[in-house]
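Heads up, the thing below is written out as structure tokens.
The values are calculated or read from the model by the stated rules, or taken from the named source; none is laboratory data. Just so we're clear, the structure is a prediction, and the values are computed from it rather than from any experiment. Reconstructed Cβ throughout: ideal geometry from the backbone, glycine too, with neighbour counts over all protein chains shown.
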Amino acid sequence: MGAGQRQRGGGERGSGEHDGFMRARLLGCELRRRRQDLGLTISALAAKAHLSPSFVSEIEQGKKLPSLASLDRIAAALGITRNSLIPPPGAGLDAPDLPARVRRARERMGMAQDELAEGAGLSAGMISQIEAGATRPSLETVERLARALCVTPCHLLVEGPDPETLLANLTPDVRRLLLEPEVQAMLQAVAGIDGKGFRAVMEMIQKEFRRGGAPG
């Protein structure tokens, strides 16, 4: 059984639940990409669609699947059809910046193409084709790459979240913590480490979350 199969297998989601999760992820990434292409903030899109900014933010994060009525409002606000936001899960993703984003994320982690291939359960040839822009990977493939690179699928598909989205996602407790000198000193220290060191930090954090909760 390959690495990618083990990561998918874990027994955390049934196939139906996993498919729903995949659709929510894909919809969220596509919605963010379309919004950013139009230069709209989350608040501006929400106002045009007559929805709350927090609801639109949760859709972009893949946390919620909107009703067809809400989806129609969002599509109309973007000047597209509903179906444009929901391509089939197995379809190749139209993400022009994906090859460069995968390569940069791999290099930041200090990984060679064959190391990424092993971690993602893919062939080295597939990694080479993706980074060269010679193939369009499916969302499932992007999710495998994202797990191996310790990033989210949306990080590989679209521009990073704007400051409005980042702030909206922080809990009040996290906002207070970020103001503490010890936390700021830790962030400065992390910013100065190399790719392998950062990868070790990310793996440690992921292990803590898998054990049932955030550190502290």
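Per the conditions (1) crowded, with 17+ Cβ neighbours inside 10 Å; (2) assigned to a loop (DSSP other than H, G, I, E, B), the sole criterion not satisfied by Val102 is (2). Just a yes or no: is a residue in the stretch 91-106 more than 17 Å from the chain's Cα centre (by Cα) and more than 13 Å from Glu30 (Cβ to Cβ)? Scanning the stretch 91-106, I find no residue that is more than 17 Å from the chain's Cα centre (by Cα) and more than 13 Å from Glu30 (Cβ to Cβ), so the answer is no.
Residues in the stretch 55-76 that are in a helix (DSSP H, G or I) and within 18 Å of the chain's Cα centre (by Cα): 6 in all.
Among all positions in the stretch 160-178, there is at least one residue which is at pLDDT 75 or above, surrounded by 12 or more Cβ atoms within 10 Å (Cβ to Cβ) and touching a helix residue (DSSP H, G or I) at 6+ places or on another chain (Cβ under 7 Å).
Under the condition of being without any contact (Cβ under 8 Å) to a residue 12 or more places away in the chain and in contact with a Leu (Cβ under 9 Å, 6 or more places away or on another chain), the residues counted in the stretch 119-139 number 1. Only residues that are aliphatic (A, V, I, L, M) and modelled with pLDDT under 75 were counted in the stretch 136-159, giving 2.
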